Structures are given as structure tokens and as C-alpha cells.
């Protein structure tokens, strides 16, 4: 291992010390999540099954590979800010969402086993601006 000073590392590293401050509140975190989902709008995401029927302790631990929550967990900035894993409970805590709001984003009852990332992005945006929910959904459905 080669030892380097902090100045040497900063000279070659892509460091964004201000990034956590830029997404410090709930709305900013949700907007970033939507943007991450929109980077690959056709990406097929795996839905979680039956979040509304699972007991709270089971629901908190629910996860599946390739979900909308996984997209958020893949982001190094979210992980640096404290997103610990891609479980339902951790997403609920980190994004400060109600069960109903998160259910709208990740549950299979709306879309089946999987969904396009653009659909999930529109549902995340609806949590930011509840009044725009149906408009965001229509835009995602018809514009992409």
C-alpha cells in the first residue's frame, strides 16, 4: 500500500465534500432518489410483494435484489449520509416516508413483479409533492 498525504489524495480523487450538505432535507433526498431512478428510466426494478399485509417487524426487513430501494442504496452519497441497506424499514427511516408512501413506490400490487424505473421515479416525486402525484404518474406513463 502506498501512503499519501491528504493533499495528494485530493489532487487525484473526485471529492465532493459539499454534496451531503446539498441533500440535507427530506425533499432533497427524495428528489435525488427520483433523479437516480430516471438515469435509467427503462431499467426493470423488482417490486416487493405485499408490503401492506406483512406484520410491521417483517415489513421492516423486507428487501429484494434490484428494487427501487436498491437504486438508492447504490448511491455513495446516500450511503455516506447514513443509508445502511436496501430494506423497506431503512428506506422508510432514511427518506422519512410513511408506510403508505413507500408502499406506493415499491409494492407489487400496483405493477406486478417488476416496474420500469421511470414509474418508481414518478411515485417518489409524488411523495415530494403529493398534489402532483397523478400528474407525475401520467407524465411518466405517456412521455417515456
### Task
Could you please let me know if residue 133 is more than 16 Å from the chain's Cα centre (by Cα), at pLDDT below 90 and assigned to a loop (DSSP other than H, G, I, E, B)?
no
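Does residue 66 meet the test of being surrounded by fewer than 16 Cβ atoms within 10 Å (Cβ to Cβ), at pLDDT 95 or above and within 22 Å of residue 126 (Cβ to Cβ)?
yes
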### Query
Within segment 36-60, how many residues turn out to be surrounded by 13 or more Cβ atoms within 10 Å (Cβ to Cβ) and touching a residue at least 12 places away in the same chain (Cβ under 8 Å)?
15
### Query
In segment 98-113, what count of residues is obtained for those that are in a loop (DSSP other than H, G, I, E, B) and either buried (at least 16 other Cβ atoms within 10 Å of the Cβ) or without any contact (Cβ under 8 Å) to a residue 60 or more places away in the chain (or both)?
1
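How about segment 84-94: which of its residues are free of Cβ contacts under 8 Å to residues at least 40 places away in the same chain and assigned to a helix (DSSP H, G or I)?
Residues of segment 84-94 that are free of Cβ contacts under 8 Å to residues at least 40 places away in the same chain, as a first pass: 84-87, 89-93.
Matches in segment 84-94: 89, 90, 91, 92, 93.
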### Message
Test of understanding: among 42, 50, 27, which residue is more than 11 Å from the chain's Cα centre (by Cα), part of a helix (DSSP H, G or I) and either modelled with pLDDT under 95 or more than 19 Å from residue 124 (Cα to Cα) (or both)?
### Response
27
### Message
I'd like to know if segment 55-62 contains one or more residues that are modelled with pLDDT of 95 or more, in a loop (DSSP other than H, G, I, E, B), over 24 Å from residue 25 (Cβ atoms) and in contact with a strand residue (DSSP E or B) (Cβ under 7 Å, 6 or more places away or on another chain).
### Response
yes
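Okay, residues lined up against (1) touching a residue at least 60 places away in the same chain (Cβ under 8 Å); (2) under 10 Å from residue 33 (Cβ atoms); (3) assigned to a helix (DSSP H, G or I):
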{"position": "71", "(1), (2), (3)": "no, yes, yes"}
{"position": "82", "(1), (2), (3)": "no, no, no"}
{"position": "96", "(1), (2), (3)": "yes, no, no"}
{"position": "115", "(1), (2), (3)": "yes, no, no"}
{"position": "120", "(1), (2), (3)": "yes, yes, yes"}
{"position": "126", "(1), (2), (3)": "no, no, yes"}
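The values are calculated or read from the model by the stated rules, or taken from the named source; none is laboratory data. Values in this document were obtained by computation on a predicted structure and should not be read as measured data. Cβ sites come from the backbone with ideal geometry, for glycine too, and all protein chains shown count toward neighbours.
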